[in-house]
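Take a look at the structure set out below.
Every number in this text was worked out from the coordinates using simple rules, so none of it is lab data. Bear in mind the structure is a predicted one, so any value in this text is a computation, not a measurement. Counting neighbours? That spans all protein chains shown, and the Cβs are built from the backbone with ideal geometry, glycine included.
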Amino acid sequence: MKYYYSATWNTSEKLLFNWKEEVSGDFESLVKTFLDRERVIKLLADFIMFTRQDDELKKVILRPHQIRAVSKIAKRAEDSTRKRGLIWHTQGSGKSLTMVFYTGKLVLTLNNPSIVLLTDRNDLDDQLFGVFSRCSDILRQTPVQAGSRDELKKLLSVVSGGIIFTTIQKFFPDEKGLKYPKLSDRSNIIVIADEAHSSQTGEAAAKLKAVLSAEELQELADGGEISTEDILAVQMESRAAESGITYVAFTATPKAKTLELFGRLPN
């Protein structure tokens with residue numbers, strides 16, 4: 001038996017969702033699970049927001065899989081021994097809003113964190129920044145975009161923290177070599193990487209090729225792509241000593257390297 005739910009103000013088929021909570025029993029058991037007191041209070045307090053888009057006020061309520069993802073990675077962020085997390089999502093799962101609520105949760109639970117939203121192209125950076133800018137109420141602060149590597153360093157050094165948008169290219173070293181510079185001495189930096197598959201061209205791709213293995217280079221020669229995941233993997237390995245950074249990646253198609261770095265279930 002399946003239990004479907006929808007907002008009362010819009011019952012169109014595309015907004016009718018199957019409640020997928022893993023619970024055994026009949027319809028009554030599903031309803032009681034859905035209307036559990038603690039669950040309802042948490043939903044009302046933490047997972048509803050209003051946002052204005054095109055002069056229209058919209059009410060946003062997270063779906064169960066988004067709530068579960070936000071809760072799990074937010075809890076992990078509080079554990080100083082666990083510095084990596086992976087959200088394996090599907091297309092149309094509401095990834096951007098999951099990122100928004102996760103960031104809002106971090107602002108509340110951590111002590112002035114610096115939260116870096118990472119993409120690999122300027123247009124994607126602008127797109128995600130636009131989503132976050134419309135959600136400043138739940139974020140409790142205004143996000144900013146780092147226009148250069150020097151500006152990124154300054155923003156990361158601010159004691160009061162902040163929500164910073166930047167592209168992966170600003171994490172690379174300059175022309176002098178492939179030694180990755182230390183960007184901050186702070187102990188509570190969260191890097192959230194948005195998956196995006198790139199071509200084999202451009203500054204990021206050129207610098208990454210210099211540190212890829214022979215096997216990975218062969219994969220590129222066979223028509224593969226360089227993605228934010230690949231670049232982040234190199235960053236994580238090169239910055240292993242910087243224990244103050246927590247990495248969280250969002251991806252629909254995790255590569256073997258990604259799973260190796262972030263671990264597999266139940267880890």
*By the scheme Lys and Arg +1, Asp and Glu -1, what is the net charge of all other residues having a beta-carbon under 12 Å from that of residue 106?*
+3
*Could you tally the net charge around residue 161, taking each other residue with its Cβ under 15 Å from the Cβ of residue 161, Lys/Arg +1 and Asp/Glu -1?*
+4
*GluC sites (Glu not before Pro) within segment 33-131, DSSP loop, no more than 15 other Cβ atoms inside 10 Å*: 78
*Note the full-extension length gain between residue 8 and residue 133 as 0.36 nm times their separation in residues minus their Cα-Cα distance, in nm to one decimal.*
42.3 nm
_With 10 angstrom as the radius, rank 49, 99 by how many other C-beta atoms surround their C-beta, starting from the fewest._
49, 99
*With a 10 Å Cβ neighbour count serving as the proxy for reagent exposure, in which order, fewest first, do 166, 109 appear?*
109, 166
*Report the net charge of residues surrounding residue 45, where surrounding means a beta-carbon distance below 13 angstrom and charges are Lys +1, Arg +1, Asp -1, Glu -1.*
+2
